Each structure stands twice: as C-alpha cells, then as structure tokens.
Amino acid sequence: MVQTTNMAGNKETTHVYLKQRGVPDPLQDILERYSKRTSPIIIKHDLLRSDYVPDSLPHRVNHIREVGNVLATVLRGVKPSNLFLYGKTGTGKTAVCRYVVNRLSTEVAERNLNARFVYVNCRLAGTEYRVLADLCAAAGVSVPFTGLSKSELFRRFQSASSSLGNSFVVCLDEVDVLVKDFGDDLLYELTRSSMGPGWMSLVGISNDLMFKEQLDPRVLSSLSEEEIVFPPYTATEIADILLERVEQALRPGSVGEEVIGLCAALAAAEHGDARRAIDLLRVSAEVAEREGADRVGEHHVRKAQTLIERGRVKEVVSSLPLHSRLVLLAIYVASRKGLDTTSGTVYSMYREFCGSIGLEPLTDRRVSTLVSELDMLGVIACELVSYGRHGRTRKVKPTIPFNEVAEILGNDEALAVFLQGLS
Ligand SMILES: Nc1ncnc2c1ncn2[C@@H]1O[C@H](COP(=O)(O)OP(=O)(O)O)[C@@H](O)[C@H]1O
Ligand SMILES: [Mg+2]
C-alpha cells in the first residue's frame, strides 16, 4: 500500500491535514463527483476520439461499396485504378477509406496475397521526407529520421518492394496539405514510378475541393482515374450517426433525442460535418459531467458550442503569420470604426499598421491572397459587391465578435496599440 506523507512529514492524508488548519479542501467537490455515487456519462472515451473507425458507417454504404469496388481487384492480383476521394471535412472520407483498407488487408492476409496497404496522413507526416519514410517502413526498410535525399528514400522503397515482390496500395490522406507546402513533385514521382514485379496504386484524399486546380494536369489525370465525391451530411444523417455513437459510448439514458437533434442541427448548419457533431457531443457530455449533472441537457450543448468555437478561433488566429494577423486586424478595426470594408480600405489600413511598426507592407495582390485564406479559415467572410457600371469589388466582413478577436490579437504587444480605445 502506498502511504502518503504530507509536507509536514506526518503520515496522514492531506485533506485531514488541511481540515485541521481550517483550509477548505480544493479537491473535495471534484473527488466527490468521481465517487461511486454519481456514475459517469461517458463510458467509452475511445469511441468519441476522432481517429476511431466505427464498425458501421451509416449513410456511407454506397461510398464504402464504391471504394471497395475499385480496390478489390487486389484480391485477384490486379492493380486497382488510382482513386481520388474528395469532400469537405467530416464527410467520412478517412473513415470510409480506413474501413475498406482494414477489411481488404484482412482478406489479403487470409488469402496469402502479395499486396500491402499503406495509410499515411500527410498533414501529420508533415513533410515529403516523412511520407516517403512511412512508405519505406511499410516495405520493411528503416531509414534515418532525416539526412537522406528524397530520391534516395524513393530508391530504397522501390528496391525493397521489388525484392519482396510486393504491390502497394498507398493511401495519402489530406494530400492537399502536402501539395500546398511542397508542390506536386512527390505525387508526380509516385504516379510515374515502376515497381519491378509489383505495382503501386494511389488513393489520394483531399478536404480541399479546389485542390485539383493546383495539380499538374498529368498528375491530376493519373491520380483521378476514378473519383468519388463525399457530400456533406444532412442534419438527419448526422443525427443517425450520433445516435449510434451515443448508444455505444455513453451511459444509457444520459442523452435524450433533443440533445442529439441539437448537436446534429448545429453541426449541419455550417456544413454537414460529422467530426464537429461528435466533438460537440463529447464536449457537451464532459461539461455535464463536470457540472455533476446526471444527463446531458440542451444548455450543456450550448456551452460546449461556445467552448469549441472559442478554442477553434483562438487556435486559428494565434497560428497566423504576422502579415495575416495584420490584415485580420485591419479588417476588424475598420469594421469596428464603421468604415466601408472594401479591399481598398482594408489594404490602406494594413499599410498604415505596417508603417507604424516599421514593417515593409506586402503588395496589394499578396494581401488579396491572404484575405482569401482568412476567408477559407472562416475568421472573416468575403462577398463580391457589384457597383453597376463601376465594376465589382470585394467586401470583407467579420464573422467573430470583435472582443474575441481583440482579446487574441491584443496578446501581441505590437498589435495591442492598434486596438486601444476600440473595445
Ligand atoms: N457515416 C458515418 N458513420 C459514423 N461515423 C462517421 C461517419 N462519417 C464520419 N464519421 C465520424 O466522423 C468523424 C469525421 O469523419 P472523417 O472520416 O474523419 O471525415 P473526413 O476524413 O471526411 O474529414 C470521424 O470520427 C468518423 O468516425
Ligand atoms: Mg480525413
């Protein structure tokens, strides 16, 4: 038995020690909440994690079958067509891909076939080097963490796989992130490569619908021999997905239909994102547990929504590079001052800010690109306004309460001066 010894050296429990001195026990209510009297709401935390692949994927049976149809040729030793899956975040691309890959890998193993499935998340891998290192690992070659050239890694992967006589289905999830940072060279190599006796098929997955435009036409045509689009889920579909998760992961009776409906409606309001819905459900249950409630109520969902939104905005805004933060600041300050937030107004205010902190401003065009990126991140919204004969201009609008943005940007001393007297 472990005996606790407090700072005074007495062998007594800390709370007794505190009590004797009239100090309230800071952990008392928390410990009580976790005592046997109140049962937890979340029973299986793992099932609410975003990387969990459920056994059944409601409303994605057709997608599973389509992906399965393309990849199942491996069971005959025939190279599957390259496949490109795209759709917005949370539409089930990763889950469907992993589901099919898991099932086919099992079949391949049971039938003693010579094919391997490799799944790499390019955003998590981070660099082309890491993606190639993951491919090498799948072919059984271990390579140093850094230091080799990409072509050397590729050569080692090819020679290892050809000596194994192996064929590969390589799934590159969130491949758009890799291409954005490094261009499409690696995809070009992979789609062109010859693999000795075996072959390699690619499954590219992208959350970015415009991704195709960034690809060299040759890469695009070989990557998207087959294409499957994942549409956003409707609120009803999300409710079905949540219902299954609730039944598996939460204590029976702890979540009512109204809560599932609300989570589904909130997640569908932006675009039908199942990840958001599951996150919302999880955080709502956590909030309810923390409050010592027996069931999750709609007010817990509302609180969870605010918590998640704040966290997301904070994460996005604080990771922006300086110029993007200055552009964002210009937009929010201009709008707070009641100015007409056209591209022109935003640019001149941005220039002013740059000037007063001694920074060389970027060109008008470059700033326009940054504005589009901010729009994509959802921290502002752009709309084209027509001025009849005088042409069109882009208007930029805040999407977040001014005070929230000001609080985050104000943490930066250089930017705080521009916010003075505005909140
Ligand atoms: N049809 C579905 N049934 C059950 N869970 C789903 C379904 N679609 C998505 N999910 C869950 O929603 C979350 C997001 O799905 P994911 O496949 O990662 O989306 P994407 O890759 O398109 O961004 C994951 O936790 C996943 O398990
Ligand atoms: Mg995904």
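Contact map, segment 189-212: first residue among the basic types (Lys, Arg), second residue surrounded by 14 or more Cβ atoms within 10 Å (Cβ to Cβ), Cβ cut-off under 6 Å, separation 6 or more or different chains; pairs are 212/220.
The rows are residues; the columns are (1) open to solvent by 30 Å² or more (accessible area, probe 1.4 Å); (2) assigned to a helix (DSSP H, G or I); (3) within 27 Å of residue 88 (Cβ to Cβ).
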{"residue": "315", "(1), (2), (3)": "yes, yes, yes"}
{"residue": "324", "(1), (2), (3)": "no, yes, yes"}
{"residue": "338", "(1), (2), (3)": "yes, no, no"}
{"residue": "373", "(1), (2), (3)": "yes, yes, yes"}
{"residue": "415", "(1), (2), (3)": "no, yes, no"}
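Residues of segment 101-113 being out of contact with any helix residue (DSSP H, G or I) (no Cβ under 8 Å at 6 or more places or on another chain) and either open to solvent by 60 Å² or more (accessible area, probe 1.4 Å) or within 12 Å of ligand 1 (Cβ to nearest atom) (or both), which ones? Result: 102, 106, 109, 110, 112. Of all residues in segment 175-206, those being crowded, with 19+ Cβ neighbours inside 10 Å, more than 16 Å from ligand 1 (Cβ to nearest atom), in a helix (DSSP H, G or I) and hydrophobic (A, V, I, L, M, F, W, C) number 4. Residues in segment 45-60: is at least one within 16 Å of ligand 2 (Cβ to nearest atom), at pLDDT 95 or above and farther than 30 Å from residue 251 by Cβ? No, segment 45-60 contains no residue that is within 16 Å of ligand 2 (Cβ to nearest atom), at pLDDT 95 or above and farther than 30 Å from residue 251 by Cβ. For segment 207-237, filtered to residues that are aliphatic (A, V, I, L, M), within 16 Å of ligand 2 (Cβ to nearest atom) and at pLDDT 95 or above, the residue that is most open to solvent (accessible area, probe 1.4 Å) is 229.
Are any of the residues in segment 162-174 part of a helix (DSSP H, G or I), touching an Asp or Glu at 6+ places or on another chain (Cβ under 8 Å), assigned by TED's automatic domain parsing to the domain that holds residue 95 and touching a residue at least 12 places away in the same chain (Cβ under 8 Å)? There is no residue in segment 162-174 that is part of a helix (DSSP H, G or I), touching an Asp or Glu at 6+ places or on another chain (Cβ under 8 Å), assigned by TED's automatic domain parsing to the domain that holds residue 95 and touching a residue at least 12 places away in the same chain (Cβ under 8 Å).
Of everything in segment 215-241 that is assigned to a helix (DSSP H, G or I) and over 16 Å from residue 280 (Cβ atoms), the residue that is nearest to ligand 1 (Cβ to nearest atom) is 236. Residue count for segment 71-100 satisfying the condition of being surrounded by fewer than 21 Cβ atoms within 10 Å (Cβ to Cβ) and either more than 9 Å from ligand 1 (Cβ to nearest atom) or in a helix (DSSP H, G or I) (or both): 9. Checking each residue in segment 375-403 for being within 25 Å of the chain's Cα centre (by Cα), surrounded by fewer than 16 Cβ atoms within 10 Å (Cβ to Cβ) and either of a type in the set (Asp, Glu) or assigned to a loop (DSSP other than H, G, I, E, B) (or both) picks out 378, 399, 401.
Of 125, 133, 139, all but one fail to be within 16 Å of ligand 1 (Cβ to nearest atom) and of a type in the set (A, V, I, L, M, F, W, C); the exception is 125.
Within segment 47-63, residues that are touching a residue at least 24 places away in the same chain (Cβ under 8 Å) have Cβ atoms under 6 Å from residues that are surrounded by 13 or more Cβ atoms within 10 Å (Cβ to Cβ) and assigned to a loop (DSSP other than H, G, I, E, B) in these pairs: 60/92, counting only partners at least 6 apart in sequence or on another chain. Number of residues in segment 288-339 that are closer than 13 Å to residue 406 by Cα and either without any contact (Cβ under 8 Å) to a residue 12 or more places away in the chain or in contact with a Pro (Cβ under 6 Å, 6 or more places away or on another chain) (or both): the value is 2. If you check 25, 29 for being among the acidic types (Asp, Glu) and either under 30 Å from residue 165 (Cβ atoms) or open to solvent by 80 Å² or more (accessible area, probe 1.4 Å) (or both), only one passes: 29.
The values are calculated or read from the model by the stated rules, or taken from the named source; none is laboratory data. Treat the numbers as computed from the prediction; the structure is a model and nothing was measured. Please note: Cβ atoms are built from the backbone with ideal geometry, for glycine as well, and neighbour counts cover all protein chains shown. The protein model used for the area step is the full one, side chains on, heavy atoms only, and it has no ligands, DNA or RNA in it. Shrake-Rupley method; radii C 1.70, N 1.55, O 1.52, S 1.80 Å.
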